[in-house]
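Chemist: Handing you this structure, nothing more for now.
The values are calculated or read from the model by the stated rules, or taken from the named source; none is laboratory data. The structure displayed is predicted, hence computed values, not measured ones. Methodologically, a virtual Cβ is constructed for each residue, glycine included, from the backbone with ideal geometry; neighbour enumeration extends over all protein chains shown.
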Amino acid sequence: MKFYKVCTLFCCFLFTTSLLIGCIGCGEDDDGDDQVEAYDAGTMLNDFANTVVLATYTDLDNKAGELLVAVKALAENTTQANLEKAQQAWVATRKPWEQSEAFLFGPVDTQGLDPALDSWPVDRVSLKAVLDSNDELTADFVKDGLEDTQKGFHTIEFLLFREGDQHKASDIADRELEYLVASTEYLKESTSQLRLAWSPEGENFSHTVASAGEGNAVYPSQSSAVQEMVNGMITIADEVANGKISDPYNEEDTTLVESQFSFNSISDFQDNIRGIQNVYMGKFTNDGQGLNEFVKGQDAALDSRFQSEIKNAIDTIGAIPDPFRDSITANRSAVQAAIDAVSTVHLSLEQDILPLVQESDFN
Amino acid sequence: MKNIIIGITLIFLVSVVGCKSESQSIIGIGKSFDSSSALSGGDTTIFDASSHAFSIPAPNLSTAALERHLEGDVEFEAVFVTAPSEVNPGLGPIYNNISCVNCHSRDGRGRPPNVDEKLVSLLFRLSLPNTENLESVKPPIPVPGYGTQLNNRAIYGTQAEGSVKIEYNEHPLTAEDGTRIHLRFPNYTITDTYKPLPDVVEVSPRVAPAVFGLGLLEAIPEKTILTFADEGDVDEDGISGKPNYVWDVVEKRYALGRFGWKANQPNLLQQVASAYHDDMGLTTSLFLLENSFGQPQYTQNSTTPEVSDEILDVVTFYVQTLAVPARRNVDDPQVMHGEQLFVQAQCASCHIPTLRTGLLRGVPSVSNQTIHPYTDMLLHDMGPDLADNRPDFHASGSEWRTPPLWGIGLVQTVNGHTNFLHDGRARNLMEAILWHGGEAEKSRDIILQMSKNERDALIAFLRSL
C-alpha cells in the first residue's frame, strides 16, 4: 500500500508531462524506427475464457449439484455423518467459487449473481424470522421472497456450521433443513445460470472475450480484454492483501472474517490466489495458453519470479494456524507474513505485469 | 473494486511509453490535433477500457486523499441488514436496495429489468399534482402513505409499498434514407400497493446513473453554468436552458440544482444522504426521520443517525474523486467525422464538450481542471414523448437536465447493456438520440436526414467517449 501512495505522487508529476513525452515517442514510431510486432492474444484469450473461466464455473456448478444432493440427504436423514458430508460438500463448492473471484466481471456481475451467491453479512434477524414463520420454503421463495443477505453461500454456511465445526445434527430444526434445501436449490440455479452465461449453449460470454478485437462491442481491442484479465487478478490480490486478511487483522475484529462460520477462511484466501495462478498459467483441469507465455516472451526472469511469488503466497497463507479468526490475535506474525506475500503478488501484477501488457501492441 | 493502483499504473505507462497503442489515439498522425480532448476528466483521467473503467480513483489524489477515497469505497459496497446486527444494521424497513453498489454496479449505470427479472436499479418517484397554485415552485408533494418514492422492497415481515409492472409498445420511425428504427414506449403500472393510491398520482421512473466524475461537475462554477442559460430563448436558436433551484437542507436556502435526472439535488453530500434515506431507509444527520415515518411500516428508530457523518463524508468524497476514463480512438477518421456531425446537428449546444472547473473546497484533485463532460448542467424541454409529467422544483414535467456523455461508450463493457435515458427505454445510442424531442427536435430531425454513413460516424464518436 505504501508503495502505491508514493507512486501516486510520482505519477502526478509524470502525468503532467506525459503527453509531451508521448509526442516524442510517437514521432519515432511514425518514422518506422521502432516498430514492434503486435502480439496475437487470440489463443490466450480463448484459453482464458474456456480452459479457465468456463471450466471453473462448470466445476462450481457440478460441486453445487453435489452439495444439493448432500443437503437433501441430510434433510432426509439428519445424522452427524450426513451433516459432515454436507459440510464437506459446502467446502468443495466454495473452492471453485473463491478461485473464480480472480475474474469477477461479466455475467457474474451484470446478471446480479455475485450478490445472490456471496453477500455478506448474513441478515440473521431476518433469517430467524423466516425460520419462525409459516412461509413455505421453496427455491422460488428464496429467489423472489428473500434478500441476497438471506441466501447464498454464507446463509447455507451459517445453517450447516453455525459457529465453527462443533455443530450437531441433532440441534438442527426441521425448518432449518427446509431452508437449507431451498437455499441450496437456488444456489444451484444460480451456478447453472452462471455456467450457461459463459457457455456456447447459453449467452456464450466466452466467445465475447475470446473474439476481442475490432467489431466486438464489449472488447473492441484485444488490449482491453487482456487488461480485463490482469485487472481481475489485481483486484483479488488487492482484496486478499488489503481487505480480507488485513481488515480483521488490523481491527482485531472477528466479525470481519470471511467464511467465519465454517472456519474456512484460510482455504478461501488460498483459493483466491490459486485463481490468480489459474489465470496466469491458463489452466484449470486442462492446460491452455496463459499470460505466462506472453510475459516470458517479454521478460523471462519476471515470469519465473512471479510464478514463485504465487506459490509462496499460497504456502504462506497455508502456514497460518487454523482457525484464522483466532490467529488474527494469537499468531500475528504468521498473518503478517501472509499479507506480505500476497502484497508481493499484488505489486508484481501492478508494477511489472500490467505495464508489460500496456506497453504491448496486441492484434 | 479497489483498483486504486490500476489507474495510477496506467498513467505511469502513458507517461513512459508514449509510442504504444494507448497514446497513438491521443496523438494525431500527420495533422495538428488537440491531444487534450482525450483527457475527459483533466488530471483525473485514467486509461482503462475494461469493466473497471468507472471504478478507479482519480490518479492525482494525495496519499491522504486516496486513503479517504478507499474508505469511501468500502462503505459504497457495504451491504445493510435488518437491525439489530453487529455489521451494517438499520436497513429499511422499506427500501429499494441494500447497498449503494447494488444499484450503481461497478460505479456504473443501472437498467430496467429484463423480462422475469426483479426491479434492481430502476426506481419510481411519486407525488401528488400541485393543483393549488400552478405557478408556484415547490418540491414534489408527497403522496400520503407513500412519500415521494415507491419503496418496492421491505425487510422480512414488513409490507413493501408496492411493485411496478412494465410494458413496452414498439413504434417504428423511418429515417430519410428509408432505415426503420423501432422505439419502445414504456407503460408503467403501480401494482400490489399496500394501500390504495390516489388516482392522480404522478409517477417518474429513474434509473441509477454512473457515479464517476461527479466531483468535477460539482466544481463547475455556478456562474459558468448560468452563462449557458437562455430561459426565454433570447438568441432564438430554439434551445433555452434553465437552471433548477432546489432546497439545500444544510444551508436552509434555495441553491442551484446540479445532480439527479432533473437536477433536484444541489450537491453531492445531499445527493448521497438522500440516496441512503430514500433508497435504503437509512437515516443521516441530514435526514433524521426514517423514510417510513408516518406510515404503518415505521418502527421507532434511534435518535442517532444510522449512517454516521464520518461514513456520509467518505462516501461523498468517494463519488467526488472517481476518475473519468479517457476517450479512445480520438484520431480515427470516422470518429472525427462523427464529432463534426455532433456539432453540426447542434447536439453540442446542450451537451457542451469543454468546461473548466473552479474550486471545490477540500477536493483539490477536481479543482481547476479542463474537462469534457458533454453537459451544460441545465434543464431542457425534451418534448412530450420523454416527459414524466412530474415537476420537480423549477423543472417542468417535460424538462430534464442534460446528462453528461463522458464514458457513455464504455457502458456496455462495464455494465453489460446499452440502455440509456432516464428509465433505460433506449436500447442503444441511436434510439436514445431519436427519443430527443422538444428543444432537441431539430437536432433529431437533422440526424434522421443523415446518410447511414453519417449516422454510423456519429455513433462511432459517441462510442469513443
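Chemist: Taking the criterion of being more than 9 Å from chain B (Cβ to nearest Cβ), surrounded by 22 or more Cβ atoms within 10 Å (Cβ to Cβ) and within 30 Å of A:G232 (Cβ to Cβ), would at least one residue in the range A:79-88 satisfy it?
Modeler: Scanning the range A:79-88 turns up no residue that is more than 9 Å from chain B (Cβ to nearest Cβ), surrounded by 22 or more Cβ atoms within 10 Å (Cβ to Cβ) and within 30 Å of A:G232 (Cβ to Cβ).
Chemist: If I ask for residues that are within 11 Å of chain B (Cβ to nearest Cβ), part of a helix (DSSP H, G or I) and surrounded by fewer than 18 Cβ atoms within 10 Å (Cβ to Cβ), which ones from the range A:132-163 would you list?
Modeler: A:D132, A:K143, A:D144, A:G145
Chemist: Looking at B:V411, B:V363, can you tell me which residue is within 14 Å of chain A (Cβ to nearest Cβ) and either among the β-branched types (V, I, T) or within 21 Å of A:V218 (Cβ to Cβ) (or both)?
Modeler: Step by step, each of B:V411, B:V363 is checked, and only B:V411 is within 14 Å of chain A (Cβ to nearest Cβ) and either among the β-branched types (V, I, T) or within 21 Å of A:V218 (Cβ to Cβ) (or both).
Chemist: Tally time: how many residues in the range A:300-336 are aliphatic (A, V, I, L, M), surrounded by 13 or more Cβ atoms within 10 Å (Cβ to Cβ) and in a helix (DSSP H, G or I)?
Modeler: Residues that pass the stated criteria total 8.
Chemist: Is it true that B:S240 is in a loop (DSSP other than H, G, I, E, B) and surrounded by 14 or more Cβ atoms within 10 Å (Cβ to Cβ)?
Modeler: yes
Chemist: Looking at the range A:337-363, which of the residues that are within 11 Å of another protein chain (Cβ to nearest Cβ) and in contact with a Lys or Arg (Cβ under 9 Å, 6 or more places away or on another chain) is surrounded by the most Cβ atoms within 10 Å (Cβ to Cβ)?
Modeler: Among those that are within 11 Å of another protein chain (Cβ to nearest Cβ) and in contact with a Lys or Arg (Cβ under 9 Å, 6 or more places away or on another chain), it is A:Q358.
Chemist: Right, another one. Which numbered condition in (1) part of a helix (DSSP H, G or I); (2) more than 21 Å from B:L214 (Cβ to Cβ) is the only one that B:N291 fails?
Modeler: (1)
Chemist: Which condition number in (1) closer than 22 Å to B:L386 by Cα; (2) in a loop (DSSP other than H, G, I, E, B); (3) in contact with a strand residue (DSSP E or B) (Cβ under 8 Å, 6 or more places away or on another chain) is the one that B:D199 fails?
Modeler: (3) is the only condition that B:D199 fails.
Chemist: Give B:S308, B:S285, B:S292 a once-over and let me know the one that is in contact (Cβ under 8 Å) with a residue 60 or more places away in the chain and closer than 26 Å to B:V101 by Cβ.
Modeler: Step by step, each of B:S308, B:S285, B:S292 is checked, and only B:S292 is in contact (Cβ under 8 Å) with a residue 60 or more places away in the chain and closer than 26 Å to B:V101 by Cβ.
Chemist: Any idea which of (1) out of contact with any helix residue (DSSP H, G or I) (no Cβ under 8 Å at 6 or more places or on another chain); (2) modelled with pLDDT under 95 is the one B:D385 doesn't satisfy?
Modeler: Only one criterion is unmet by B:D385, namely (2).
Chemist: Within the range B:343-353, is there a residue that is within 16 Å of B:Q320 (Cβ to Cβ), among the hydrophobic types (A, V, I, L, M, F, W, C) and over 18 Å from the mean Cα position of the chain (by Cα)?
Modeler: So far as the range B:343-353 goes, no, none of its residues is within 16 Å of B:Q320 (Cβ to Cβ), among the hydrophobic types (A, V, I, L, M, F, W, C) and over 18 Å from the mean Cα position of the chain (by Cα).
Chemist: Only one of these is more than 7 Å from every other protein chain (Cβ to nearest Cβ), surrounded by 22 or more Cβ atoms within 10 Å (Cβ to Cβ), at pLDDT below 95 and farther than 29 Å from B:P333 by Cα: B:G92, B:G110, B:G72, B:G7. Name it.
Modeler: Result: B:G92 is the single residue among B:G92, B:G110, B:G72, B:G7 that is more than 7 Å from every other protein chain (Cβ to nearest Cβ), surrounded by 22 or more Cβ atoms within 10 Å (Cβ to Cβ), at pLDDT below 95 and farther than 29 Å from B:P333 by Cα.
Chemist: Looking at (1) without any contact (Cβ under 8 Å) to a residue 24 or more places away in the chain; (2) surrounded by 21 or more Cβ atoms within 10 Å (Cβ to Cβ), which is the one condition that is false for A:Q227?
Modeler: Result: A:Q227 passes all but (1).
Chemist: Within the range A:180-281, considering only helices (runs of 4 or more DSSP H) that don't extend past its boundaries, which have at least 2 residues that are among the acidic types (D, E) and away from chain B (no Cβ under 14 Å)?
Modeler: Where helices (runs of 4 or more DSSP H) fall fully within the range A:180-281 and carry at least 2 residues being among the acidic types (D, E) and away from chain B (no Cβ under 14 Å), they are A:265-281.
Chemist: I'm trying to understand the selection: among the residues of the range A:43-59, which are closer than 17 Å to A:R274 by Cα and of a type in the set (A, V, I, L, M)?
Modeler: Hits for the range A:43-59 are A:A49, A:V52, A:V53, A:L54, A:A55.
Chemist: Then there's this: With the condition kept exactly as written, say whether any residue in the range A:122-131 is buried (at least 21 other Cβ atoms within 10 Å of the Cβ), more than 7 Å from every other protein chain (Cβ to nearest Cβ) and over 22 Å from the mean Cα position of the chain (by Cα).
Modeler: Checked against the condition, which is being buried (at least 21 other Cβ atoms within 10 Å of the Cβ), more than 7 Å from every other protein chain (Cβ to nearest Cβ) and over 22 Å from the mean Cα position of the chain (by Cα), the range A:122-131 yields at least one hit.
Chemist: Tally time: how many residues in the range B:439-457 are within 26 Å of the chain's Cα centre (by Cα), over 20 Å from B:D376 (Cα atoms) and among the aliphatic types (A, V, I, L, M)?
Modeler: Qualifying residue count, the range B:439-457: 2.
Chemist: Going by the conditions given, is A:G112 closer than 30 Å to B:Q159 by Cα, surrounded by fewer than 18 Cβ atoms within 10 Å (Cβ to Cβ) and within 11 Å of chain B (Cβ to nearest Cβ)?
Modeler: No, not satisfied.
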